[in-house]
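The values are calculated or read from the model by the stated rules, or taken from the named source; none is laboratory data. Keep in mind the model is a prediction, meaning the values are calculated, not measured. Quick reminder, even Gly has a Cβ in these numbers, built from the backbone with ideal geometry, and neighbours come from all protein chains shown.
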Amino acid sequence: MLLDDQELRGRVARIETLLEEIACLKDPNARAKAAEMVQVLLELYGEGLARMMEVIAQGQESERTFGVFAEDELISHLLLLHGLHPVDVETRILQALEEVRPYLQSHGGNVELLGVEGGVARLRMQGSCDGCPSSAATLKLAIEEAVQKAAPDLEGVEAEGVAEPPPKPTTTFVAAPTLRKKEKKLEEGKASWAAVGGLSQLSGGGMLVKEISGEPVLFVKLEDGFYAYRHVCPGCRESMEQGALKGAGLSCPGCKRRYEVRRAGRCLDDPQLHLEPIPLLMSEEGIVKIALASAVG
């Protein structure tokens, strides 16, 4: 019986806990023996994977089989761990950028892959949602999450071309060679991703305010997908929960100001105001995730 994703992540978390405990053993001999055993096991099933890939490559439908391997999270990470992934890293990055591109374009941005050198992917960020100070952080978080998920074997990612807000030092993260990517240590002020779920209440469209990690978040579902914003109106500071949604326009229940959902929350009545967007991504399984941090705004 195959384990579901949640059970797999539980097993992986247990493995990582045990590895940390091994590293903390006071007896150096015990620590060395345990580490050697883990290494031998990795080499053993790595050889098995290599032989499996060689046999399949000789078949007539190897391309289709390799595609199935690449789509399975567990198999994909095992193959990456041993340098056997059937899809090269540049192709995986391009596929990840295509998945996130509609979201970037909805906020007036885009991204281009310049190349991969020395295990580091170089990207160029383009555009931003004009007048939205959280635009750059929104785009960067969405891009990094998508690339990190598709290519955890990268040593780092460098993004350039951010004009708004003023550029910060290049962000680089290191991916760990485990069955799941290790969560990167969040620098002070950085956002962390929180799973929201499928938002089945909005399957037919509409809006709702839902508390995520102790913070009320406004979710809006339009024909082209989900959007997330801070739930308060920047004009009168009243919650948008009882606001009126008409097409892609959202009206505040208090001051009646109107905001464009698709245009990063721009106010139609006052160009100096805008709702505060929250980075949002949706997995292939329909699970919505958002990034929350005060620095995004």
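Summary of values
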| quantity | calculated |
| --- | --- |
| Residue within segment 258-266 that is more than 24 Å from Lys140 (Cβ to Cβ) and over 22 Å from the mean Cα position of the chain (by Cα) present | yes |
| Filter result for Lys246 (modelled with pLDDT of 85 or more and over 28 Å from the mean Cα position of the chain (by Cα)) | yes |
| Scope segment 190-235; condition under 20 Å from the mean Cα position of the chain (by Cα) and of a type in the set (Val, Ile, Thr); matching residues | Val196, Ile212, Val217, Val220 |
| Restricting segment 59-81 to residues that are part of a loop (DSSP other than H, G, I, E, B) and at pLDDT below 70, the residue that is nearest to Ala150 (Cα to Cα) | Glu61 |
| Whichever residue in segment 82-99 is of a type outside the set (A, V, I, L, M, F, W, C) and in a helix (DSSP H, G or I) and, among such residues, is surrounded by the fewest Cβ atoms within 10 Å (Cβ to Cβ) | Glu98 |
| Criterion: surrounded by 10 or more Cβ atoms within 10 Å (Cβ to Cβ), at pLDDT below 85, assigned to a helix (DSSP H, G or I) and of a type in the set (Asp, Glu) - qualifying residue of Glu20, Glu36, Glu16 | Glu16 |
| Verdict on Gly286 being outside the structural domain of Ile15 (by TED's automatic domain parsing), in a loop (DSSP other than H, G, I, E, B) and modelled with pLDDT under 90 | yes |
| Selection status of Val162, at pLDDT below 75, aliphatic (A, V, I, L, M) and more than 15 Å from the chain's Cα centre (by Cα) | yes |
| Odd one out for Leu78 among (1) without any contact (Cβ under 8 Å) to a residue 40 or more places away in the chain; (2) farther than 30 Å from Arg263 by Cα | (1) |
| Any hit, segment 215-231, residues being surrounded by 14 or more Cβ atoms within 10 Å (Cβ to Cβ) and not in a strand (DSSP E or B) | yes |
| Qualifying residue in segment 100-108 (condition: touching a residue at least 60 places away in the same chain (Cβ under 8 Å), crowded, with 16+ Cβ neighbours inside 10 Å and within 24 Å of Ala50 (Cα to Cα)) | no |
